[in-house]
Structures are given as C-alpha cells and as structure tokens.
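Coordinate-derived values only; no laboratory data. The structure displayed is predicted, hence computed values, not measured ones. So basically every Cβ, Gly included, is an ideal-geometry build from the backbone, and we count neighbours across all protein chains shown.
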Amino acid sequence: MNRSLVPIAAFALLVVVLAIGILRAPQKTVIQSVLLGKPAPEFVLPELGRDSSFDSRSMRGRWFLFNVWGTWCAECRAEHEMLLEISRSGRLPLVGLNWKDEDGLATQWLQDLGNPYDHVALDREGRVAIDWGVYGAPETFLVDADGKIVYKHVGPMTPEVWQRQFLARLPPPVARPLSAPSAEPSSSPPQAPVVAPSPAPVS
Amino acid sequence: MLPEIGHFALILALLLAVAQAFFGIAGPALGRDRWLAAVGPAVTAQFVMLTAAMGTLIASFITNDFSVAYVAQNSNSALPVVYRIAALWGAHEGSLVLWSWILVCWTLAVALLSRQLPARFAARVLGVLGLVSVGFLLFTLATSNPFERLFPAALDGRDLNPLLQDPALAAHPPMLYAGYVGFSVAFAFACAAMLEGKLDQTWARWTRPWTTVAWAFLSVGIALGSWWAYYELGWGGYWFWDPVENASFMPWLLGTALIHSLAVTEKRGLFKSWTLLLAILAFSLSLLGTFLVRSGVLVSVHSFAADPTRGIFILAFLVIMIGGALTLYAWRAPLLKSNAGFEFTSRESFLLFNNILLVVACATVFAGTMAPLISDALGLGTLSVGTQYFNPTFLLPTLPLIALAAVGIHASWKKGRISERRGALLTALGFSVLFAVAVVAGAYEGTKVLTPVGLALGAWLIISALIDPIDRLRRRITITPAIFGMALAHAALGLFVISLTMVESYTAERDVAMAVGDSAKVGAFEYRFLGLQPLEGPNYEGVRGEIAVFQGDRQVGLLHPEKRQYWVQGSVMTEAGIDMKLSRDIFAALGEDLGSGRWSVRAQVRPMINYVWIAAFLMALGGVIAACDRRYRVTAAARETALETGAGLPGRAG
C-alpha cells in the first residue's frame with residue numbers, strides 16, 4: 001500500500017471512534033466511574049441540622065442513593081422535584097452530599113424546596129467528592145447493601161433515568177410498605193435484603 | 001440594539017470568509033488571476049467585522065446588559081470590569097468568537113507580511129485560512145450564538161465562574177488560542193504547497209517564523225494554565241494529565257517536532273513530505289482538542305457546555321478540513337522527492353530522532369487520552385487513565401530526547417562529525433554529573449532513581465546550549481537572533497528539566513489540622529497558625545488566615561491563605577497563600593473548618609517550582625527571538641527597495 005495513504009486511513013478510523021463516542025454521549029455524559037462495583041469510599045462528615053456527624057458506614061445493610069448537590073448548582077434545582085418524588089416513593093433512603101456549599105444556604109434551600117434527604121453530609125471543602133470521583137454536581141450514585149457502588153449517573157435525575165437505570169437495578173421492593181421518609185431519620189429503616197441481589201438487566 | 005449589530009457583523013464576517021475562501025482557492029485553480037484581487041480586501045473586511053462583533057459583545061459585558069443570555073450567564077454587576085471583559089471567553093460561545101477573531105488576526109498578519117510571496121501561492125494560503133474561518137463562524141452562528149437575547153431580561157447575571165476570576169486565567173485562553181490558531185498558518189502553507197504541487201526550501205523559510213511564533217504563544221498559554229492550576233485550584237498540583245490539558249499539549253509536542261523538521265527542510269531540502277504531514281497534524285490536533293473539549297465526548301473538569309449537536313458539527317468540520325488535507329497529502333506527497341543523503345551522526349539524523357521521539361511522546365499522550373473513548377466505543381467497558389500511565393510512559397521518549405538535544409545541537413549538516421565540540425561536551429557532561437551528585441548528596445530525603453538522571457541531563461543541556469554562543473562571543477563572531485534564540489530555548493528546556501526534577505523529588509507536603517496558635521513541621525520548615533480574620537471582597541466574603549513559616553528560628557515567610565465565598569454562585573474558593581521565591585515556594589491552603597477553631601491546612605514547600613514556568617516563558621522567548629532572524633525578512637527588505645524604485649512586484653492583491 002502507498003505509504004502516504006496511511007495518515008488518511010488512520011484518520012478515518014479515528015473518525016469512526018469519535019462518531020461512536022458522540023452517538024453514545026447522550027446516554028453517558030461521563031466516562032463511567034472506575035468505582036463501579038467497588039466499595040463506596042467511606043467518610044465521616046458533619047451533618048446538616050444536627051450536632052453529630054454522619055458516618056457513611058451507618059448505611060451498611062441498606063441500599064441508598066447518594067446524591068451530590070449544591071445550592072450554587074442550577075441543574076440541582078432542576079432535579080430537585082424528581083428527588084422529592086423518589087423520596088416519597090419510599091423505595092430507598094437518600095443521602096445528600098452538600099458539596100462546596102454554605103450550611104445556611106443549604107438549610108434555606110431545603111426549607112424552600114422541600115427535603116428529600118434522610119441525611120445531608122456537609123462536604124464543605126470537597127474532599128469526599130474527590131474520593132467519590134465527582135466531576136460536577138449533580139451526580140447520583142446507587143449504593144447496594146454491601147456498600148458497593150452499583151451505578152452512577154451524571155447530570156440531573158429525570159423520571160426516565162430513574163426508571164431505566166436505577167429502578168431496574170434495585171432489588172424488588174420489600175413487601176411491607178415503608179413510611180415515607182421525612183427530614184427526621186426514619187425510625188424503621190428499610191430492611192436489608194438477605195441475599196445480595198443481582199442487578200436486573202437494563203430494559 | 002448593540003448585540004444585534006454584533007450578530008449582523010458576525011454574519012457578514014461569515015460571508016466575507018466564504019468569499020475569501022472561494023476566490024483564494026478557486027482563483028489560482030481556474031487560472032483567474034483577477035479573482036485574487038478580492039482576497040486581501042475580504043480579509044481586511046472580515047477583520048473589521050469580527051472586531052466589531054467582539055467589541056459589541058465586550059460592550060454588552062461592560063454595560064451589564066443582562067438581556068443578552070450569554071452575559072447574564074457569565075457576568076454580574078458586582079464583577080470587576082477587568083473580569084467582565086475576560087468573561088467574554090469564560091464560556092463556550094464567547095470562546096468561539098475569540099477563536100475566530102484570533103484566526104482573522106493571524107490571517108491579516110499573513111496578508112500584510114506575505115506580500116513578497118508569489119501572488120497565487122499567497123491567495124491559496126489565505127483561501128485555506130478562509131475555509132477554516134468559515135467552519136468556525138458557521139459553527140458559532142448555527143449552534144452557539146453569543147448574541148442571543150434573554151426575554152425577559154435577567155435582573156442580574158449568574159456571575160463568572162469564580163475559578164476563572166484570576167489574572168493568569170484571564171490571559172490563558174487568548175494565549176492558548178493564539179497558539180492553536182497560529183498552527184492554522186502552517187497548515188494553510190502546507191495545503192497551499194500541496195495545491196501547487198510544489199514544495200521547495202523557500203517554502204520552509206516562509207513557514208518557519210509563523211510556526212515558531214504560534215508555538216511560542218502555545219507554550220505561554222500552557223504555562224499560564226498550569227500556573228493558574230497551581231495557585232488557584234488550591235491543592236498545589238500543576239499538571240494533571242487532564243484531557244483538556246493533553247489537548248493543548250499534543251499540538252505543542254507536534255509543533256515542536258514541526259519547528260525542527262522545518263529546519264531540515266529549509267537548510268537541506270529534506271523531510272519534505274514529513275514536514276507537510278506534521279504541519280497538517282499539528283493543526284489537526286488543535287482542532288481535535290477543540291472537538292474533545294466542546295463535544296462532551298471526553299468529560300473533564302474543564303468542559304463546560306458539553307453538547308452532542310455541537311459535537312456532530314465539529315466532527316463534520318474535522319472530516320472536511322483534516323480529511324481533505326490528508327487526502328490531498330495522499331495524492332501529492334509521493335510527488336515530493338528528496339535526493340540528498342546524510343550520514344548517521346549528521347544534524348539531519350539527530351533531528352530525525354528528535355522528530356521520532358517527539359511524535360512517540362505525542363502518541364503516548366494521545367493513546368492515554370483516547371483510550372477511555374476507544375475502549376468504550378469497542379464495548380470493552382470503561383477505562384480510566386491517569387498519572388500512573390502518563391508519567392512513566394511520557395518519560396520514556398523524552399529523557400533520551402534531552403540527551404540527544406545536548407549532543408545534536410553541535411552536529412553539523414550532512415557530515416557525520418560532532419566537530420570539534422566533543423571535548424567540550426564531555427567536560428560539560430562531567431560537570432553535570434558532579435552537579436547532580438552534589439544536589440542528591442545534599443538533600444535530606446526524597447531522592448528518587450531518576451533524580452540524578454534528570455538533574456544531570458538538564459544541566460548538560462544548559463551548558464551544551466551555551467557552548468556555541470559563548471564561543472562566538474569569545475571569537476567576536478556575531479550572534480544572530482536565530483542562534484541566540486535557539487540557545488535560549490534549549491537552555492530553558494534544560495532549566496525546565498532540572499526544576500521539574502527538583503519539584504517532583506524534593507517537595508515536602510503535609511495536610512494538618514491546626515487551630516490558631518498551633519504549629520506543625522513540614523520538612524525543614526515549621527508552620528505557625530497566627531490568626532484568622534473575616535474578609536470582604538468586591539463580590540465575595542470569607543476568611544483570611546495568617547500563617548508564619550519558620551526555618552530554624554528565622555521567619556522565612558508570612559502566608560495569607562483565603563477561603564472565599566462568592567455571593568452569586570455561592571461557591572467556595574480556596575485562595576492559597578504562597579510565599580514565592582525563586583529558590584522555593586512556601587504554600588498553604590485553608591481546607592475545611594473542622595469545628596472548635598480547628599482548620600485543615602494543606603502545607604507544601606516546593607523547591608524551584610517557579611523555574612518550571614520561567615523556563616517555559618524563556619523557551620517561548622527563545623522562539624520569538626529566533627523567528628525575528630533577519631533572513632526571514634530579507635525578502636521583505638528586497639521588496640521595499642523594489643517598491644521604492646517603482647518596480648512592479650506581484651503583491652498581495654496580484
């Protein structure tokens with residue numbers, strides 16, 4: 001083959017890769033976290049509205065959503081209604097990571113818009129977010145009962161994402177209906193599934 | 001009204017760019033020499049229109065016109081005026097306008113300074129540049145119009161990202177773009193040569209200064225970005241191998257290779273098709289960088305406004321520009337034959353190896369940047385590539401490159417003798433090794449395997465680069481700008497290697513919890529937390545710590561790290577307190593308020609870190625000086641004489 005054809009051939013290959021990259025970009029706005037399937041990073045942070053601190057290990061034995069947000073983040077406002085809806089559905093508790101924010105603003109925000117979170121950990125400096133590999137707010141992680149990260153979504157939570165990516169991966173709902181979580185910690189935490197469930201295939 | 005004028009100016013600029021591209025490329029192709037007369041005026045008019053568009057957008061920023069969506073999203077009435085102007089390139093749309101404006105500045109410079117070029121060739125160069133401009137203006141107007149109105153108008157703006165409110169970052173994008181876009185000139189020269197089907201040594205002489213100046217801009221732009229990351233991001237790193245950083249670094253590596261291969265083409269008429277390919281690839285990587293940043297294909301901390309529609313547009317543009325140029329290359333390159341030969345240790349060989357190693361270095365960065373994307377496209381799962389990959393693989397080709405440079409700059413053209421410099425080089429190597437051993441022996445801790453290697457190589461390159469100018473000085477031979485610039489750039493590279501080695505080996509670093517009155521040891525230094533005061537800025541508030549740093553009993557620095565809360569976006573920013581000295585930086589950043597008066601403090605002492613950036617600036621300066629060499633201007637002087645005597649010469653307008 002003519003040597004001077006090599007560059008154009010290599011470029012054609014690159015274009016194919018880039019085109020696939022673009023076509024997949026809407027589904028996956030970010031390179032998936034290397035943490036998928038790995039234990040979620042543990043942390044202890046001050047908790048919003050409490051004197052005590054929040055220890056992520058206290059969530060062991062339960063599936064939960066880990067949502068990174070900040071009052072400075074416009075997209076977070078956009079997804080807030082959806083988070084409230086998830087919270088009302090009672091499928092699993094929500095842990096919010098208030099990222100690089102001010103406590104007063106965060107309290108005000110939750111008062112104004114409603115509080116979907118069972119716990120809000122205050123990551124004022126953003127160190128924990130770095131551990132979790134957070135690129136920007138909002139990001140939402142699904143963590144299983146063993147404390148492993150099952151899924152990560154970048155960008156605002158939408159009903160579609162919730163249905164297709166999160167609900168599909170959750171274990172079947174516990175038979176006993178749960179009381180809707182409120183700002184106060186639920187007295188009866190959702191039961192831990194006895195067997196670690198395998199995520200259902202994405203429809 | 002003003003934004004509409006700006007929008008209209010942008011549309012006119014697009015039409016003018018179309019005219020410039022059409023007359024510039026079709027004129028010579030169809031042999032219609034009268035069409036060439038339209039190219040120059042089209043460039044000038046396009047420059048006027050884009051300047052008007054920039055001007056109106058800046059005016060909207062300065063007057064806080066929050067009825068313009070872009071202004072409302074990126075500015076605020078409390079923002080200082082300087083940053084209101086810099087906010088122009090604070091996000092996607094404005095960045096594109098800046099890109100186009102810088103492109104037209106380069107084009108205008110080419111039009112004005114290249115009147116001595118053959119008329120058809122000059123028209124082709126300007127035509128290709130016009131085509132690039134068409135692509136970017138079309139992209140701006142179709143997907144990213146910065147003049148879009150907001151209805152109802154916002155009461156106040158959402159403010160510029162506080163991270164970007166910084167002098168170095170205000171200057172970073174214009175410099176970086178000037179470099180990126182500058183490579184379009186080399187690209188256009190390459191395309192014009194391929195369209196003509198002729199490439200000789202004068203071609204290389206025309207192309208060289210443009211390439212070198214663009215490379216210098218890119219060097220400064222990258223250095224500013226790295227400096228900014230160091231003191232503004234608040235954790236004291238200066239290079240992260242982030243996709244966006246890589247996107248600017250890859251064109252730099254290929255641009256460096258291009259500068260060297262152009263030297264061979266100019267002096268010896270060799271490497272012709274290789275030089276063409278490098279010229280195409282350097283600019284292609286600049287475009288690819290833009291694509292990667294803007295399309296959302298690779299997400300990094302830098303990418304704002306990731307949008308797949310934009311991605312598809314840029315990809316189409318890439319296919320047309322790069323695909324077109326490479327097709328042209330596949331067709332024309334086989335016609336370019338070089339018959340001259342050279343011996344193994346001649347300067348040509350050294351520059352060949354220089355090119356190979358630089359291209360390999362670029363390829364490793366490219367592979368690391370693209371691997372996550374390729375793996376994902378092939379369905380192999382996701383992959384994350386970080387420092388563990390980049391640092392060692394990048395050193396593999398670059399360490400030999402430094403040694404090669406130290407020897408190669410003394411090689412003579414064509415013949416394989418390292419001339420009479422062998423003794424001087426070996427003596428220099430001896431001194432360099434002694435220097436490295438002395439530093440390593442004097443250090444407390446932190447020496448790594450590569451520490452003495454880096455120190456010795458860097459020192460060797462510095463001494464080696466200075467041998468020739470010193471020798472000329474002693475023998476009273478003139479030092480031309482070309483020789484001085486080359487020596488400066490190579491010595492600066494040596495300095496860069498030394499400082500990088502020092503920083504990577506001997507940085508002392510600790511994260512400690514401190515309350516006022518506490519002290520902590522960091523390496524040989526002691527940090528004392530003296531106090532904390534409230535702070536009020538124009539558009540933020542916060543706290544300001546005071547930390548004294550002692551070495552033994554002597555106070556060597558007083559640091560004022562700040563924690564700022566910007567009102568509008570509510571984001572918290574860490575302003576590191578840095579005591580900058582040439583020999584070392586003492587660094588402190590306030591971390592988190594741990595309660596009961598205790599703060600986490602990141603304390604670092606980095607030796608010689610400022611030389612990393614100084615070296616980058618000196619490298620760029622060397623490039624600029626070399627580009628000012630008289631031999632690039634001889635033809636211009638000849639033209640002026642010709643004009644004075646009234647001799648007709650084919651000018652820009654044919």
### Query
Hey, rough spin-label estimate for residue B:149 and residue B:553, points 7 angstrom out along Cα→Cβ, what's it come to in nanometres?
7.4 nm
#### Entry: Taking all pairs of distinct alpha-carbon atoms in the protein assembly as shown, Kirkwood radius in angstrom
29.6 Å
### Task
Compute the relative contact order of chain B as a whole-number percentage, counting only Cα pairs closer than 8 Å that sit 6 or more residues apart in sequence.
13 percent
### Message
Under the rule of at least 5 residues apart or a separate chain, name every residue whose amide H is placed under 5 Å from the amide H of residue B:591.
### Response
B:600, B:601, B:602
## Note on the structure
Over region B:2-333, the quotient of the Cα radius of gyration and 2.2 N^0.38 Å is 0.99
## Note on the structure
Per the charge dipole of chain B (beta-carbon charges, Lys/Arg positive, Asp/Glu negative, Cα centre), the residue among B:396, B:621, B:486 reaching farthest to the positive end is B:486
### Message
Between residue B:384 and residue B:426, what's the calculated FRET efficiency when r is the beta-carbon distance and R0 is 56 Å? Round to 0.05.
### Response
0.80
### Task
Express in whole angstrom the spacing between the alpha-carbon centres of region B:448-499 and region B:183-255.
22 Å
### Message
If neighbour count is taken as other Cβ atoms inside 10 Å, put B:427, B:140, B:451, B:480 in order from fewest to most.
### Response
B:427, B:480, B:451, B:140
### Query
Averaged over B:371-380, how many beta carbons belonging to a partner chain fall within 10 Å of each residue's beta carbon?
4
### In nm, spacing of pseudo-spin labels at residue A:88 and residue B:524 (7 Å Cα→C-beta vector)
6.6 nm
### Task
May I ask for the equivalent-ellipsoid semi-axes of chain B, computed as the square root of five times each C-alpha gyration tensor eigenvalue and listed largest first in whole Å?
42, 36, 21
### For peptides A:63-73, B:184-194, sequence by mean Cβ density within 10 Å, most packed first
B:184-194, A:63-73
### Task
Please give the residues of region B:545-582, grouped as numeric ranges, whose backbone N is less than 18 Å from a label point set 7 Å along the Cα-to-Cβ vector of residue A:112.
B:566-572
#### Entry: Extension gain (nm, one decimal) between residue B:413 and residue B:202, 0.36 nm per residue minus Cα-Cα
74.2 nm
#### Entry: 23 Å Cα-Cα threshold exceeded, pairs from B:337/B:414; A:148/B:563; A:100/A:152; A:100/B:581; A:38/A:152; A:100/B:563
A:148/B:563; A:100/B:581
### Query
To the nearest 20 debye, what is the magnitude of the charge dipole of region B:511-609 about its Cα centre, counting +1 on the Cβ of each Lys and Arg and -1 on the Cβ of each Asp and Glu?
280 debye
### Query
Taking a label point 7 Å from the Cα of residue B:516 along the Cα→Cβ vector, which residues of region B:553-586 have an amide N closer than 20 Å to it?
B:558-565, B:575, B:577
### Simple Cβ-charge dipole of the protein assembly as shown, Lys/Arg +1 and Asp/Glu -1, about Cα centre, in debye nearest 20
3960 debye
### Query
Just counting partner chain Cβ atoms within 10 Å, what average do the residues of peptide B:311-321 show around their Cβ?
3
### Task
Answer with one residue from B:231, B:543, B:516: the one whose Cα lies farthest towards the positive end of the charge dipole of chain B, charges on Cβ with Lys, Arg +1 and Asp, Glu -1.
B:231
## Note on the structure
For region B:513-635, the percent of all C-alpha pairs falling in each 5 Å bin, from 0 up to the bin holding the max distance, is 2, 10, 17, 17, 13, 11, 9, 6, 5, 4, 4, 2, 1, 0, 0
### Summary
Ordering B:93-102, B:610-619 by per-residue average of other C-beta atoms within 10 angstrom, highest first, gives B:93-102, B:610-619
## Note on the structure
Rounded to the nearest 5, the percent of antiparallel DSSP beta bridges in the protein assembly as shown equals 85 percent
### Query
Given a Förster radius of 22 Å and the C-beta distance between residue A:164 and residue A:36 as r, what FRET efficiency does 1/(1 + (r/R0)^6) yield to the nearest 0.05?
0.85
### Debye, to nearest 20: dipole size of chain B, +1 on Lys, Arg Cβ, -1 on Asp, Glu Cβ
2880 debye
#### Entry: Beta bridge orientation in region A:34-169: antiparallel %, DSSP, nearest 5
60 percent
### Task
From other protein chains only, count the Cβ atoms within 10 Å of every residue's Cβ in A:3-15, then give the mean.
6
#### Entry: Residues in region B:152-179 reached by a label modelled at residue B:77 [backbone nitrogen below 14 Å; 7 Å Cα→Cβ]
B:153-159
### Message
Once R0 is set to 30 Å, what does the formula 1/(1 + (r/R0)^6) return for the Cβ-Cβ distance between residue B:450 and residue A:105, expressed as a FRET efficiency to the nearest 0.05?
### Response
0.05
### Task
Run through all the Cα pairs of region A:34-169 and give the fraction in each 5 Å bin from 0, expressed as whole percent.
2, 11, 23, 26, 23, 13, 3, 0
### Task
Please list B:497-507, B:2-12 highest first by mean number of surrounding beta-carbon atoms within 10 Å per residue.
B:497-507, B:2-12
### Message
With the crude spin-label approximation of a point 7 Å out along Cα→Cβ, what separation in nm comes out for residue B:580 versus residue B:353?
### Response
3.8 nm
